[in-house]
1. Taking a probe of 1.4 Å, how large is the accessible area per residue of segment 140-248, in Å²?
2. Could I have the simple spin-label model distance between VAL42 and ILE29, label points 7 Å from Cα toward Cβ, reported in nm to one decimal?
3. Loop-only check: which GluC sites (Glu not before Pro) in segment 204-293 are DSSP coil with at most 10 other Cβ within 10 angstrom?
4. If I take R0 = 25 Å and measure r between the Cβ atoms of VAL56 and GLU274 in this structure, what FRET efficiency does the formula 1/(1 + (r/R0)^6) give, to the nearest 0.05?
5. Sequence-distant or interchain residues sharing an amide H contact under 5 Å with ILE43, placed H: which?
6. Going by accessible area, probe 1.4 Å, with all protein chains left in place, what is the ranking of ASP68, ASP207, largest first?
7. Tell me, what ³J(HN,Hα) does each residue in segment 315-320 have, in order and in whole Hz, if you take phi through Karplus 6.51 cos²θ - 1.76 cosθ + 1.60 with θ = phi - 60° and put x for Gly and Pro?
8. Given a cut-off of 26 Å, name the pairs among LYS50/LYS88; LYS86/LYS172; LYS61/LYS143 whose C-alpha atoms lie farther apart than that in the structure shown.
Amino acid sequence: MEVRVENGGSYEVGKSGWVNLCQFQDGTIISEDLADSLEFPVIDFSFLAKGGEDEVQKLQKLHLVCKDWGFFQVINHGVKEEILEKIKAAVAAFFELPFQEKRNMQWQKMKQKDMVKTLWSLSTKSMIGFKEALEEYSREMQKLAEELQANFSVLMGLKRDGLKRLQGGGLKQGIRMNYYPICSRPDLVLECSPHSDGTSFTLLLQDDDVTGLQIKHNEAWVPVKPIPNSLVVNIGDATEIQSNGMYKSIEHRAIINEKKPRISIATFMFPDDEQEIGPVETMIDDQNHPKLYRNIKYVDYVREKFSRKMEGKAHLQSYTTSNS
Ligand SMILES: O=C(O)CCC(=O)C(=O)O
Ligand SMILES: [Fe+2]
């Protein structure tokens, strides 16, 4: 696992960009009640295919959900509740450290290697168990992500290890810890601007009792009401590109709450920097689904994405073949 730490409210273990912050809200927001009736997709991980003859059939729901929503909550994922609780507690303890102590770390000025050291030394000084909780959680996320990737491979007409092979090896991982403080006028503040993730996919663990995440679905913002012990999964830009636009990397944002702070832990899964990504052959059909995206080295994609300010999905659009 790589470790990188970025801005004030979000400490990042891994890589990708630096999110920034606070702007006025816009767009229709669907109320939580209405969102309930929309039935935000839930995938029961224990029903997902684990190889075998009927695997494509078993994956139909995942296919439809990723095509129409690009987001789902996953239940029965096999990660023990105590591991989820441990990482949540460790991250909460980290954010509770005195401001000065966090500030003294000068996260943004550090090189990646130093960040690892600081985070780990921090764990021995002030936060016993932080490193263990993070490493244990990270291992579980890797297993889950690899299983998901195998299922996406099958959905894209490949063998279970197809995407892994195409990517020249396992998925890379980064973890970002987000803290959203309370605010007396949450209607005026957006804590995490609308963006799509530049990942293959992202696994998000969030507090059970505060709704903050909203996703863009049919031009409206739909809140994602947490299901205890579930994880939220979203398709990232790399998967949208590889699936030739079949599976959608959806814009999302997080708002803050008047009464309760909120913590979320995002695990980003992504290809190796040097890997070229592009629509996989099996997803291209010159007549019905012509190649929609250009091939690009992943590191170049990410570099360009983060050289722009966060602006929804504009960056992904610039890689469509019609823009070449
Ligand atoms: O905190 C959340 O709910 C969303 C965080 C997020 O989208 C991210 O870290 O990329
Ligand atoms: Fe995100």
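1. Details: 3380 Å² over 109 residues.
Spelled out: the 1.4 Å probe surface of segment 140-248, per residue, equals 31 Å².
2. According to this spin-label approximation, the distance is 2.5 nm.
3. Working: sites: GLU219, GLU240, GLU251, GLU258, GLU274, GLU276, GLU281; in loops: GLU219, GLU251, GLU258, GLU274.
Here the GluC sites (Glu not before Pro) that fit, given the DSSP loop and packing criteria, are GLU219, GLU258, GLU274.
4. Details: r = 32 Å, r/R0 = 1.26.
Efficiency for this residue pair is about 0.20.
5. Correct list: GLN73, VAL74, ILE75.
6. Values: ASP68 85, ASP207 35 Å².
Sorted by accessible area, descending: ASP68, ASP207.
7. 5, 4, 4, 6, 9, 5
8. Numbers: LYS50/LYS88 29 Å; LYS86/LYS172 23 Å; LYS61/LYS143 21 Å.
The pairs that break the limit, which is 26 Å between Cα atoms, are LYS50/LYS88.
The values are calculated or read from the model by the stated rules, or taken from the named source; none is laboratory data. Worth saying up front: this structure is predicted, and the values here are computed from it rather than measured. Methodologically, a virtual Cβ is constructed for each residue, glycine included, from the backbone with ideal geometry; neighbour enumeration extends over all protein chains shown. These area figures cover heavy atoms from the full protein model, side chains too; ligands, DNA and RNA do not enter into them. Shrake-Rupley method; radii C 1.70, N 1.55, O 1.52, S 1.80 Å.
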